[in-house]
Amino acid sequence: TESHQKTKADTSGTAKAVIGSLKTLSDDDFNLEEDIKMLRDDESSLAFGVPEDAMNGHAFHTYTLTSSDGSVQFQLQHNVSGRTVYAEGTADAVKFLASKVKSGMEGKVFSMIDVLSEGALE
């Protein structure tokens, strides 16, 4: 289950990536269309635990793995309230790229993993 602000129309890329990783690690045949429940209305998001002051910008995800007989359940949860962390990450990525360009590096594509690996977050 994933909840985002009601202006987000598509399925969370994070949810797709995490389920893709779980699919790689297991022999389960996850179906992205059927297995991801999207919440986009305020009432459902509030019931899912999203704070009222984060209704205009949030990313709440809960992944639930259940044994075939239903006797065991494992949950992974990650939640972001607000948009500040995204703005700060973008600013850090711009600084990271600027330092790479300044050092003469050209023709390489970077990801946020590169920014994180080099400890470039402030």
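The values are calculated or read from the model by the stated rules, or taken from the named source; none is laboratory data. Bear in mind that the values here come from a model prediction, so they are computed numbers and not experimental data. When we count neighbours, we look across all protein chains shown, and the Cβ atoms used for this are built from the backbone with ideal geometry, even at glycine. Please note that ligands, DNA and RNA were not included when accessible areas were found on the heavy atoms of the full protein model with its side chains. Shrake-Rupley method; radii C 1.70, N 1.55, O 1.52, S 1.80 Å.
For T14, indicate whether it is open to solvent by 70 Å² or more (accessible area, probe 1.4 Å) and more than 23 Å from S67 (Cα to Cα).
no
What is the one condition in (1) within 30 Å of S26 (Cα to Cα); (2) out of contact with any strand residue (DSSP E or B) (no Cβ under 6 Å at 6 or more places or on another chain); (3) in contact (Cβ under 8 Å) with a residue 24 or more places away in the chain that D53 does not satisfy?
Among (1) within 30 Å of S26 (Cα to Cα); (2) out of contact with any strand residue (DSSP E or B) (no Cβ under 6 Å at 6 or more places or on another chain); (3) in contact (Cβ under 8 Å) with a residue 24 or more places away in the chain, the lone unmet condition for D53 is (1).
Go through (1) within 24 Å of F110 (Cα to Cα); (2) of a type outside the set (D, E); (3) open to solvent by 60 Å² or more (accessible area, probe 1.4 Å); (4) in contact with a Leu (Cβ under 8 Å, 6 or more places away or on another chain) one by one and return the number of the condition G89 breaks.
With respect to (1) within 24 Å of F110 (Cα to Cα); (2) of a type outside the set (D, E); (3) open to solvent by 60 Å² or more (accessible area, probe 1.4 Å); (4) in contact with a Leu (Cβ under 8 Å, 6 or more places away or on another chain), G89 is out only on (3).
With respect to the numbered conditions (1) surrounded by 11 or more Cβ atoms within 10 Å (Cβ to Cβ); (2) touching a strand residue (DSSP E or B) at 6+ places or on another chain (Cβ under 8 Å), which one is the sole condition not fulfilled by S67?
(1)
Taking the range 25-60, which residues are in a helix (DSSP H, G or I), open to solvent by less than 80 Å² (accessible area, probe 1.4 Å) and not aliphatic (A, V, I, L, M)?
D35, D42, S44, S45
If the requirement is being open to solvent by 80 Å² or more (accessible area, probe 1.4 Å), over 16 Å from the mean Cα position of the chain (by Cα), β-branched (V, I, T) and at negative phi, which of these qualifies: V115, V101?
V101
Do you know which of the residues in the range 70-84 that are open to solvent by 60 Å² or more (accessible area, probe 1.4 Å) and β-branched (V, I, T) is nearest to A17 (Cα to Cα)?
This residue is T84.
Give the residues of the range 100-122 that are part of a helix (DSSP H, G or I) and in contact (Cβ under 8 Å) with a residue 12 or more places away in the chain, sorted by residue number.
Result: M112, D114, V115.
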